Amino acid sequence: MTPTRLRLNDGHMIPQLGLGIWQVPAEITATTVATALGLGYRLVDGAAIYGNEVGQGEGIRQSGLPRDEVFITTKVWNDDQGHDATLRAVEASLSRLAMDRIDLCLIHWPCPARDLYVDTWRALIRLKDEGRVRSIGVSNFMPSHLERLVGETGVIPVLNQIELNPRLQQAELRALHDRMGIVTQSWTPLGQGRSFDADPVQAASLRTGKSPAQVILRWHVQLGVAVIPRSTRAAGLAENLDIFDFTLTDGEMAAMATLDEGQRCGPDPMTFA
Ligand code: NAD
């Protein structure tokens, strides 16, 4: 089944569900990506720091799909922040992907201590104007970072990719994104499986006959956010895509909301450098 799509604030569309490839070993990335695309995935979320952009591009070519049917995301790593360094980093990503365009390029982390994210953003604006990148966005940005970017450049990111899972539901940041016209995309959407046994997940799983992972991914979709689960097994890839034929009830969504503990799996964006 093909994922639904969301509209970005620059008019382009993004599949609501895609494949994340963090920690996918370089030697199996192409096969994993091609398998996912064969099953119906249409977005591959990578990053320069993942070390597997060569496989990301190769898997897309192996799939045989027309380039325009696949959505490619990559990210500028922290050490490459700054205007000119970012221009060079994105060209290097394009070269590893062996593509002439990236669909979405994100600033990976704000790294406030470096104080370079506005310069980095200006470079992405230039790359968008030059057509090397179709849409530009950010990742792990907090409200103060978003407000500064927009205040200094007038260009609103299309998307903010943030840690979001049942234990870290990010309601305030999601509401800010909605007000600003920014799509929220969830990373570590399964939350390292820590909520698989929770009562609201188990109850919805029992009622729908879907797995705990599918219930959680469906919860993301019904929150209206985009989501990029990772699996390297064909069965896992298929399972994570098979979430567009059932609906959680309002009561089940309300029960899921009680699982929020404000607990991160990953680093704090205010201090991560
Ligand atoms: P995830 O929530 O997708 O979970 C992956 C883990 O869950 C793996 O161990 C996998 O084997 C397991 N899993 C997958 N499907 C399952 C299923 N159906 N049932 C049971 N277990 C299952 O975690 P992630 O990879 O950390 O995050 C997803 C993607 O988000 C990454 O691959 C990457 O693309 C992106 N990401 C971005 C950032 C960022 O800073 N922007 C940080 C982390 C991850």
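Report yes if some residue within region 78-98 is of a type in the set (A, V, I, L, M), closer than 21 Å to ILE182 by Cα and touching a strand residue (DSSP E or B) at 6+ places or on another chain (Cβ under 8 Å); otherwise report no. Before you say what the answer is, go through the steps one by one.
The first filter runs over region 78-98 and keeps only residues of a type in the set (A, V, I, L, M), leaving 85, 87, 89-90, 92, 94, 97-98.
Still in the running and closer than 21 Å to ILE182 by Cα: none.
Checked region 78-98: no residue is of a type in the set (A, V, I, L, M), closer than 21 Å to ILE182 by Cα and touching a strand residue (DSSP E or B) at 6+ places or on another chain (Cβ under 8 Å).
Can you tell me which residue within region 203-235, out of those that are of a type in the set (Ser, Thr, Tyr) and within 9 Å of the ligand (Cβ to nearest atom), is surrounded by the most Cβ atoms within 10 Å (Cβ to Cβ)? Let's see the steps before the verdict.
If we filter region 203-235 for residues that are of a type in the set (Ser, Thr, Tyr), which is where we start, we get 205, 208, 211, 231-232.
Retained after the next criterion (residues that are within 9 Å of the ligand (Cβ to nearest atom)): 211, 231-232.
Details: SER211: 17, SER231: 20, THR232: 17.
So the residue we want is SER231.
Look at PRO3 and say whether it is out of contact with any Ser or Thr (no Cβ under 6 Å at 6 or more places or on another chain), surrounded by 17 or more Cβ atoms within 10 Å (Cβ to Cβ) and modelled with pLDDT under 95.
Values: out of contact with any Ser or Thr (no Cβ under 6 Å at 6 or more places or on another chain): yes; surrounded by 17 or more Cβ atoms within 10 Å (Cβ to Cβ): yes; modelled with pLDDT under 95: yes.
Considered against the rule, which asks whether it is out of contact with any Ser or Thr (no Cβ under 6 Å at 6 or more places or on another chain), surrounded by 17 or more Cβ atoms within 10 Å (Cβ to Cβ) and modelled with pLDDT under 95, PRO3 comes out as yes.
What is the number of the single condition among (1) touching a Lys or Arg at 6+ places or on another chain (Cβ under 9 Å); (2) part of a helix (DSSP H, G or I); (3) more than 15 Å from the ligand (Cβ to nearest atom); (4) not aromatic (Phe, Trp, Tyr) that ASP260 does not meet?
(2)
Return yes when GLU252 is in a helix (DSSP H, G or I), surrounded by fewer than 22 Cβ atoms within 10 Å (Cβ to Cβ) and touching a residue at least 12 places away in the same chain (Cβ under 8 Å) and no when it is not.
Numbers: in a helix (DSSP H, G or I): yes; surrounded by fewer than 22 Cβ atoms within 10 Å (Cβ to Cβ): yes; touching a residue at least 12 places away in the same chain (Cβ under 8 Å): yes.
Taking the combined requirement at face value, the residue satisfies it.
Mind checking which residues of region 2-40 are in contact with a Gly (Cβ under 6 Å, 6 or more places away or on another chain) and in a loop (DSSP other than H, G, I, E, B)? Break it down stepwise before answering.
Keep residues of region 2-40 that are in contact with a Gly (Cβ under 6 Å, 6 or more places away or on another chain), which gives 2, 9, 21, 26, 29-30, 33-34.
If the condition is that a residue be in contact with a Gly (Cβ under 6 Å, 6 or more places away or on another chain) and in a loop (DSSP other than H, G, I, E, B), then THR2, ASN9, ILE21 are the ones that fit.
I'd like to verify a number: residues in region 99-143 that are small (Gly, Ala, Ser), touching a helix residue (DSSP H, G or I) at 6+ places or on another chain (Cβ under 9 Å) and away from the ligand (no atom under 16 Å from the Cβ), how many? Spell out the reasoning first.
Quick first cut of region 99-143, residues small (Gly, Ala, Ser) only: 113, 123, 131, 135, 137, 139.
In the following step, the residues that additionally are touching a helix residue (DSSP H, G or I) at 6+ places or on another chain (Cβ under 9 Å) were identified as 123, 135, 137.
Checking which are away from the ligand (no atom under 16 Å from the Cβ) leaves us with 123.
Of the residues in region 99-143, 1 are small (Gly, Ala, Ser), touching a helix residue (DSSP H, G or I) at 6+ places or on another chain (Cβ under 9 Å) and away from the ligand (no atom under 16 Å from the Cβ).
Select from region 47-80 the residues that are assigned to a loop (DSSP other than H, G, I, E, B) and open to solvent by 10 Å² or more (accessible area, probe 1.4 Å) and list them in ascending order.
Step one: of region 47-80, the residues assigned to a loop (DSSP other than H, G, I, E, B) are 47, 51-52, 64-66, 70, 77.
Correct list: GLY51, GLY64, LEU65, PRO66, TRP77.
Take region 178-195 and flag every residue that is within 15 Å of the ligand (Cβ to nearest atom) and not aliphatic (A, V, I, L, M).
Residues of region 178-195 that are within 15 Å of the ligand (Cβ to nearest atom), as a first pass: 182-195.
Matches in region 178-195: THR184, GLN185, SER186, TRP187, THR188, PRO189, GLY191, GLN192, GLY193, ARG194, SER195.
Does any residue of region 10-25 turn out to be open to solvent by 70 Å² or more (accessible area, probe 1.4 Å), farther than 23 Å from VAL138 by Cβ and in contact (Cβ under 8 Å) with a residue 24 or more places away in the chain? First the steps, then the outcome.
If we filter region 10-25 for residues that are open to solvent by 70 Å² or more (accessible area, probe 1.4 Å), which is where we start, we get 22-23.
Filter once more, keeping what is farther than 23 Å from VAL138 by Cβ: none.
Among the residues of region 10-25, not one is open to solvent by 70 Å² or more (accessible area, probe 1.4 Å), farther than 23 Å from VAL138 by Cβ and in contact (Cβ under 8 Å) with a residue 24 or more places away in the chain, which makes the answer no.
Looking only at region 106-117, decide whether some residue is closer than 12 Å to LEU159 by Cβ, of a type in the set (A, V, I, L, M) and at pLDDT 95 or above. Outline the logic, then answer.
If we filter region 106-117 for residues that are closer than 12 Å to LEU159 by Cβ, which is where we start, we get 106-107.
Now drop any that are not of a type in the set (A, V, I, L, M), which leaves 106-107.
Now drop any that are not at pLDDT 95 or above, which leaves 106-107.
The answer is yes; a qualifying residue exists.
Select the strands (runs of 3 or more DSSP E) contained entirely in region 131-198, then report the ones holding at least 1 residues which are open to solvent by 10 Å² or more (accessible area, probe 1.4 Å).
Numbers: elements: 133-139, 159-163, 183-187.
Once the strands (runs of 3 or more DSSP E) in region 131-198 are filtered for at least 1 residues that are open to solvent by 10 Å² or more (accessible area, probe 1.4 Å), what remains is 133-139, 183-187.
State the number of residues belonging to region 105-130 that are more than 17 Å from the chain's Cα centre (by Cα) and open to solvent by less than 50 Å² (accessible area, probe 1.4 Å).
Let us first name the residues in region 105-130 that are more than 17 Å from the chain's Cα centre (by Cα), namely 111-130.
Those left that are additionally open to solvent by less than 50 Å² (accessible area, probe 1.4 Å): 111-112, 117-118, 120-121, 123-125, 127.
Of the residues in that region, 10 qualify.
Hey, can you tell me all the residues within region 49-82 that are touching a Phe, Trp or Tyr at 6+ places or on another chain (Cβ under 9 Å) and closer than 20 Å to VAL118 by Cβ?
Correct list: LYS75, TRP77, ASN78, GLN81.
Considering only region 110-130, state which residues are touching a His at 6+ places or on another chain (Cβ under 9 Å) and assigned to a loop (DSSP other than H, G, I, E, B).
PRO110, PRO112, LEU116
The values are calculated or read from the model by the stated rules, or taken from the named source; none is laboratory data. As the structure is a prediction and not an experimental result, all values here were calculated from the model. Positions of Cβ are backbone-derived with ideal geometry, glycine not excepted, and every protein chain shown enters the neighbour counts. With ligands, DNA and RNA removed, areas are computed over all heavy atoms of the protein, side chains included. Shrake-Rupley method; radii C 1.70, N 1.55, O 1.52, S 1.80 Å.
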